[in-house]
Amino acid sequence: MNKAVSVTLALLLTLFCLPVFARAGVSVGTVIDSDGSDGYSGDYVVIYNPSTSASDSASTGTLTGLIETEVGSRRPAFKSDPVVPYMIDVDPELAEYDREHLAGLPEAEDAQTKESFEVGDTHRFMIRNYSPDGLYMTFKVLAKGEHCYVWTPVSTNANVYPLDSIDPDYARMAADMFDSKYDLMRESFREHTNGAHGDGRLSILYYNINDGWQPGQAYIGGYFSASDLYYNGMPILNIDTYPGVIRPDEDGVMVSDITGTYSPTVHEFQHLICYSRVGTVDTWIDECMSSAAEEICFPGSCVYRRIQTWTHHDYSEHQDWDDPPCEVEYVAEHSAENGFSLYDWSSGMTTDDILVLYAQVSLFAQYMYSRFGNAVFHRIIDNMGGGTRARSFQAVCREATGVDPEELAQNFRIALTANTSPDEYDGLYSFSMQEGYDPAGCHGVENLYELLCPVVFTGTSCSIKGGGAICVKPVGGVYYPPQGASPGLRYFGVTRGFEGPEYPLGDVDMNGSADSADALLALRYSMGITALAPGQLELGDVNGDGSVTSADALIILRASLGVIRKGDQ
């Protein structure tokens, strides 16, 4: 025992004489073990690289014999419904083109675009990306909202799919939706700056984004391209109509629904806001905030999809909303589950791998909301500044959140595994649903994070990038880092909360009895040397004053020595 601690306990023993009152024990909460002096204990261990550079790598060393190689129940991997198409985002690729080709170019000066338009007016647009009918297409205004115009092509060619040919009411519905979410987007991400062009409204172009979609494939739901500011002279959101609005069902019958375009519209709107206020930003944080826009405007919509992608478990197929898996095995082909950096968005990945990246940044966005509220996103934009290249997220993290980036990413990584209730650890490792979430829209699940479970790495070794992490399941419940592990890695044992056995009051280490070791543990906590889980804090507060102090440590010690008996007054 540390000499100073021993002396302190001896002095306390001579100064105090307090009774112990017997009380019922408590159930076990989540326990996070970051000590490591005798290994990292837990159901799982999170291995994290705290570097803020995506290029920094740290090796786990050889994990053979240290971790479980088969975990959970082997269920079919997540796959999209072959009838209902799923979306992919091409904004990162378009942004890369814009960075290379638009630098130094002045925005277009088209006098016509500075004027207001009315329903029925036409205008010629340059469609540089995925045009269904040539480089230049004529569009007409179908609806004029308070903050937007809804346009669609006048062409009736088979591959164009104009919005008014699908349903004449859809344009008005789209404009009303955008107007209804405008203030919420402005509060969360700031007003977009329209410059000298237009009358303050932005243009939403509905047409077939010609990506070659076939049933069973992914499609481009929409995109924002900065090039529209230069070549068309106005801020534009491009939204898909085939299959975004109309598509064949399983019997080949054409069905339509405008509501499927609402989430991609606010997603792309955030891209526009961010570019107009900041300029070019790192892809991962731009996509993170656009995912946040979806969840802010349509609570549950983004979390519902992204958790299924992250855990590669399709609830719509298994119909097990009330019986989620307790853990799933990682997918070796997914970079994001192999220690990929939070701060990177590399090209050349497969579509499935990119979808997992979207899940990662989407969950990080909701972790940010859970900790700091939606105002955190406009604080990020405010602190990134302007110009051709924004400051990095790491540079503005402390200004926007008050937390260092390595600590913020660390806590997020632990939260993905621990997924605690908000009343544990002051919510540090928890997620909260957005205000306004309606369970009726998601199979009655009151909290979608009940579906989030640990994704467990089962490989032989891993190279973890800065801001990245893996979750392993240690053999025997204790993990000892191997000799070949990089020294900069951090480890966190996670014992997930469960309804456990009752423990006697004073049994701080939860081994079944209250003794001098518990007294020492309580004293170390009171001195700020170690941390205790919520359940341990309740067991350590033997005098019932709401905190664990040296007085509690003395009471536990005296009881263990027989100086006083439990129940004495």
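The values are calculated or read from the model by the stated rules, or taken from the named source; none is laboratory data. The structure presented is a predicted model; accordingly, all values stated were derived computationally and were not measured. Every residue, glycine as well, gets a Cβ built from its backbone with ideal geometry; the counts of neighbours run over all protein chains shown.
When every residue of segment 323-342 is checked against the conditions, none turns out to be of a type in the set (Gly, Ala, Ser), under 25 Å from Ser432 (Cβ atoms), assigned to a helix (DSSP H, G or I) and touching a residue at least 60 places away in the same chain (Cβ under 8 Å). Looking across Ser225, Ser276, Ser263, one residue alone is at negative phi, in the same structural domain as Asp89 (by TED's automatic domain parsing) and crowded, with 24+ Cβ neighbours inside 10 Å. It is Ser225.
Would you mention how many residues in segment 521-546 are aromatic (Phe, Trp, Tyr) and in a loop (DSSP other than H, G, I, E, B)?
First, pick out the residues of segment 521-546 that are aromatic (Phe, Trp, Tyr): 525.
Then keep just the ones that are in a loop (DSSP other than H, G, I, E, B); that gives none.
Residues in segment 521-546 being aromatic (Phe, Trp, Tyr) and in a loop (DSSP other than H, G, I, E, B): 0 in total.
The residue list Asp382, Asp404, Asp352 contains one member that is over 16 Å from the mean Cα position of the chain (by Cα) and at pLDDT 95 or above, which is Asp404.
What about Leu94, is it modelled with pLDDT under 50, touching a helix residue (DSSP H, G or I) at 6+ places or on another chain (Cβ under 9 Å) and either part of a helix (DSSP H, G or I) or of a type in the set (A, V, I, L, M, F, W, C) (or both)? Talk me through it step by step, then tell me what you get.
Values: modelled with pLDDT under 50: no; touching a helix residue (DSSP H, G or I) at 6+ places or on another chain (Cβ under 9 Å): yes; either part of a helix (DSSP H, G or I) or of a type in the set (A, V, I, L, M, F, W, C) (or both): yes.
For Leu94, the condition - modelled with pLDDT under 50, touching a helix residue (DSSP H, G or I) at 6+ places or on another chain (Cβ under 9 Å) and either part of a helix (DSSP H, G or I) or of a type in the set (A, V, I, L, M, F, W, C) (or both) - is not met.
Does His313 satisfy being touching a helix residue (DSSP H, G or I) at 6+ places or on another chain (Cβ under 6 Å) and surrounded by 20 or more Cβ atoms within 10 Å (Cβ to Cβ)? Here the answer is no, as His313 does not meet what is asked. Every test in (1) over 17 Å from the mean Cα position of the chain (by Cα); (2) surrounded by 22 or more Cβ atoms within 10 Å (Cβ to Cβ); (3) free of Cβ contacts under 8 Å to residues at least 60 places away in the same chain is passed by Asp426 save one, and that test is (2).
Where residues in segment 225-269 are in a helix (DSSP H, G or I) and under 15 Å from Tyr207 (Cβ atoms), which of them is farthest from the chain's Cα centre (by Cα)?
Top of the filtered list is Asp228.
Any residue at all in segment 187-196 that is within 30 Å of Asp352 (Cα to Cα), surrounded by 19 or more Cβ atoms within 10 Å (Cβ to Cβ), under 24 Å from the mean Cα position of the chain (by Cα) and not hydrophobic (A, V, I, L, M, F, W, C)? Looking through segment 187-196, at least one residue is within 30 Å of Asp352 (Cα to Cα), surrounded by 19 or more Cβ atoms within 10 Å (Cβ to Cβ), under 24 Å from the mean Cα position of the chain (by Cα) and not hydrophobic (A, V, I, L, M, F, W, C).
Exactly one residue out of Ser560, Ser513, Ser550, Ser486 is crowded, with 19+ Cβ neighbours inside 10 Å and of a type in the set (S, T, N, Q): that is Ser550.
Can you name the residue in segment 462-481 that is on the phi > 0 side of the Ramachandran plot and surrounded by fewer than 23 Cβ atoms within 10 Å (Cβ to Cβ) and is also farthest from the chain's Cα centre (by Cα) among such residues? This residue is Gly476.
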